[in-house]
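Worksheet: the structure to be examined is printed underneath.
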Amino acid sequence: MANEKSWQARIGQGNDALAQAFVESISYDQRLYKHDIAGSIAHATMLAKVGLITEAERDAIIAGLKSIEADIEAGTFKFDVSLEDIHMVIEAALIERVGEPGKKLHTGRSRNDQVALDFMLWVNDANAQISSQLGMLCREFIHLAERSRGVVMPSYTHLQRAQPISAGAEALAWCSLLSENFNRTSDFMPTQECPLGSGAIAGTSLPIDNSFTAMSLKFAGSPENSIAATASRERACDFVYACAMIAMHLSRWAEQWIIYSTTEFGFIKISDKYTTGSSMMPQKRNPDMLELIRGRCGNVYGDLFALMTILKGLPIGYNRDLQEDKRIVFRAYDTVSASLAMATAIVNSAEFVKEKIEPTLERGFLDATSLAEYFVTKGIPFRTAHQIVGSLVAQCEAESKTALAQLTVDQFIAAVKKHYPQATTIGQDVYESLGARNVVKRYQSAGAAGGKPFEDQLAAWKKRLGV
């Protein structure tokens, strides 16, 4: 019968609707169709090479598989849920189209090594897609950095004002963090063994050529151990971990911009189309898309934990629990892919609000570290310079001054003499180290958040990503 399962000759009971609905995976694993067909074409080609099928049978199988793929992509293919999974659906359709040659396709393989292969192929493609989306998002951060290079803003540690930075440098900081994920989503095929040929667990007595199949599918080689090859989901774990790391980076960025978009800050403005209003309060402009990106990070963490939990209790070899891996991995991919797409659109629409940021720059003594470093250039040890500047900040606060530049040269000299009498060269040049804009221009260390180091970073990123 067309809808008879591959194992039904042994299990004689008829179909139970409840059991059938419980075990099926075609509702979600149908997205593996391309990978299942690619693996089957490589397998059929190998079977003909070693003489287990004829060249004519190979050609019929390949033509049938390609016609199924074309119908799926055209939306005209009917997925028969009674056949449980994508592997059996495609095989049944192939037999219906080409007859006896289709029944030979499964020679020397099992659904256990077949699904291991399909899943690895899918994960590698998903890696490539996520990597591409990371690149697009990083490009938007580079564009934001370029159009924000003239904006000076506070940086924050402990959510307290720290040092002044170029707003563009903060944009590049997100680019740097996100780019750490490129290695996690790199192409692993050239270093990975191809699981096809491992069979159900122990391999096969038929004279198949695993290395030929591996080469055809761009793997490093044939499986070292058939038992491990059918049981391994390491690449899936690596992929979901990469998704979790990306989700974490996106969540941190979303949190930062949620804060920046508050009325209290007002540092960033994103397009209205990425915000929502309130059903009660007509003035609201809520950053819901950023909040959802932040919230969905938790879902991806849950997916990673779910996959690791499924795997931790399994004896080696294939177990049906592994059917659940795809549901989890697909969900993590969908969440992160959608979040990256939304993040890219938001960054594309964003502007730092110079008019809101710059009037606040002299609040919080952002130039305190720069003043301490000025004292260092005058021969004062840094710890002593730090103490001097701390006393000057306290003096400003006591005198209701809001900026160190409001002090006179004599006041600077007096503070220095109190803590380091031998210093004698404090002069008008002290003011060149004060004020947020002056500070940002003076940064020299590699990777610094302003001046030439920022320009160097921007140029390097543009070159790296072809912007």
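What follows is calculated from the coordinates using simple rules that are stated; it is not laboratory data. Since the model is a prediction, treat every value here as computed from it, not as a measurement. Neighbour counts are summed over all protein chains in view; Cβ atoms, including those assigned to glycine, are modelled from backbone coordinates with ideal geometry.
The figures follow:
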item	result
Filter on Lys401/Lys441; Lys284/Lys326; Lys378/Lys462; Lys269/Lys462 - keep pairs with C-alpha separation over 32 Å	Lys284/Lys326; Lys378/Lys462
Segment 367-434: radius of gyration over Cα atoms, expressed as a fraction of 2.2 N^0.38 Å	0.97
Order of Thr263, Thr275 - criterion: other Cβ atoms within 10 Å of each residue's Cβ, fewest first	Thr263, Thr275
Cα long-axis angle, helix 368-377 against the chain (0 to 90 degrees, to the nearest 10)	70 degrees
Set of lysines with alpha-carbon distance to Lys78 below 19 Å, sequence-local pairs under 8 removed	Lys5, Lys34, Lys66
³J(HN,Hα), Karplus 6.51/-1.76/1.60, whole Hz, each residue of segment 247-261, x for Gly, Pro	4, 5, 4, 5, 5, 5, 4, 4, 4, 4, 6, 4, 5, 5, 8
Descending semi-axes in Å of segment 18-90, equivalent ellipsoid built from Cα gyration tensor	26, 14, 9
Distance (nanometres) between label positions extended 7 Å along Cα→Cβ at Thr384 and Ser349	5.6 nm
Segment 138-207 - convex hull of alpha carbons, volume per residue in Å³	148 Å³
222 nm mean residue ellipticity, helices alone, for the chain (DSSP H n ≥ 4; -39,500 (n - 2.57); rounded to 500)	-19000 deg cm²/dmol
Answer label, with P(r) over Cα pairs in 10 Å bins from 0, in percent calculated from the coordinates and candidates (1) 4, 17, 24, 25, 20, 9, 1, 0; (2) 4, 16, 20, 17, 14, 11, 8, 6, 3, 1; (3) 4, 19, 27, 27, 17, 6, 1, 0	(2)
Helix 323-349 axis, angle to the chain major axis (alpha carbon atoms, nearest 10°)	40 degrees
Among 189-202, 310-323, the order from most to least packed when residues are scored by Cβ within 10 Å on average	189-202, 310-323
Residues with amide H under 5 Å from that of Ile165, placed H, sequence gap 5 or more	Met153, Ser155
Förster radius 60 Å - calculated FRET efficiency between Glu100 and His419, Cβ distance, rounded to 0.05	0.05
Cβ-based net charge around Ser278, under 10 Å, with every Lys or Arg adding one and every Asp or Glu removing one	+2
Mean Cβ count within 10 Å, highest first, over the residues of peptides 232-240, 154-162	232-240, 154-162
Rounded tilt (10° steps) of 409-419 against the dominant C-alpha axis of the chain	80 degrees
Neighbourhood net charge (14 Å Cβ-Cβ; Lys/Arg +1, Asp/Glu -1) for Met215	0
Order by protection proxy (mean Cβ within 10 Å, highest first), peptides 18-27, 382-391	382-391, 18-27
Environment charge at Tyr301 (Cβ cut-off 14 Å; Lys +1, Arg +1, Asp -1, Glu -1)	+3
